[in-house]
Amino acid sequence: MYWRLRTAAMFAAMTLILVVIGGLVGYLFKNWMIGMAVMLVISIAFNFYAYFFSKGMALRANKVQLVTREQEPRLYGIVEGIALKAGLPMPEVGISNVPMPNAFATGRNPKNAAVVATRPLLSLLTDDELEGVMAHEMSHVKNRDILVMSVASTMASLVAYVTRVAVWSSMFSNDENNGLSLVIALIADITLPIAAMLVQLGVSRNREYLADESGARITGKPMALASALTKIESGCTTKANNYDNPSYESVWISSPFGMKKARGLVNLFRTHPTTPDRIARLKALDEEINGIKHL
């Protein structure tokens, strides 16, 4: 419940940013209704595209091949078992050949979902660890995280787009207060997209914590997921990993670019929580579920 409330608070912050931008656009056009109408149309268009096409884009971008039970019995069987435990429809199952151990889920709802594992992940993990990873991904599906992150990403993109439009509008305006309008637009163009990005990244990190907890509760084995996360992070930092698509960094269970220890402001720009932080929470959950104390 705590992480759901945190996510709701972050969306409220994103909405507040959009309201501020709407007021700014209205000020520049001398009509707040025009500003809000333009933003509403753009927002609907962006969200429509993200809602219906994000799944196909993610699968194509990461070279995913959808597989059957006959082709990948181990992975398919594990996903099927988790779907039954979680009360979810069986998602499509995919394999990606990108050279790193990792996994992700995509799809706008449980009836239109796909879970994906990479070949190196299948080779690296035990059955319990792989089950923990797939339960994490199925939790993203159950919690509607793909939709949440698509909307958060779209809103952040919209903020950046509209503030840039405001700058150009101010530059070519003939209004007597053009200088002041330009200064306000430039300040908004610098600060508001950064604020929106921080909110988006905060949502991403919180959804990872939530999926860790939800997935571990499905399997009843939090430490299997903790072990898998350690192996995945180690695998993502090897020279063999040449993943170069930062646009999809947030979809994977662990950052494809490694998670070097950092504190303070650096953490604000992470798409994922640090692995030690995630493991600490999983240890606490293991104590709650199984009564096992960890030092």
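Bear in mind these aren't lab numbers, they're just calculated from the coordinates by the rules spelled out. What you see is a predicted model; the values in this text were computed from it and never measured. Methodologically, a virtual Cβ is constructed for each residue, glycine included, from the backbone with ideal geometry; neighbour enumeration extends over all protein chains shown.
Summary of values
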quantity	calculated
Total formal charge among the other residues, if their Cβ is under 15 angstrom from that of Asn242, Lys/Arg +1 and Asp/Glu -1	+1
Gained length - Lys293 relative to Thr237, 0.36 nm times residue gap less alpha-carbon distance	17.2 nm
Total formal charge among the other residues, if their Cβ is under 12 angstrom from that of Asn290, Lys/Arg +1 and Asp/Glu -1	+1
Distant-in-sequence amide H partners of Ala103 (H built 1.01 Å from N, under 5 Å)	Ile253, Ser254
Distance (nanometres) between label positions extended 7 Å along Cα→Cβ at Met90 and Lys111	1.8
Difference of contour (0.36 nm per residue) and Cα-Cα distance, Phe53 to Arg119	21.3 nm
Mean Cβ neighbour count within 10 Å, used as a protection proxy, ranking 107-118, 63-74, 81-92 highest first	107-118, 81-92, 63-74
Proximal charge balance of Leu125 [Cβ under 10 Å; K/R count +1, D/E count -1]	-3
Too-long pairs where the Cα-Cα distance tops 24 Å, listed order kept, from Lys239/Lys293; Lys85/Lys111; Lys55/Lys239; Lys142/Lys293	Lys239/Lys293; Lys55/Lys239; Lys142/Lys293
Where labels lie 7 Å past Cα in the beta-carbon direction, separation of Lys63 and Asp128 in nm	3.4
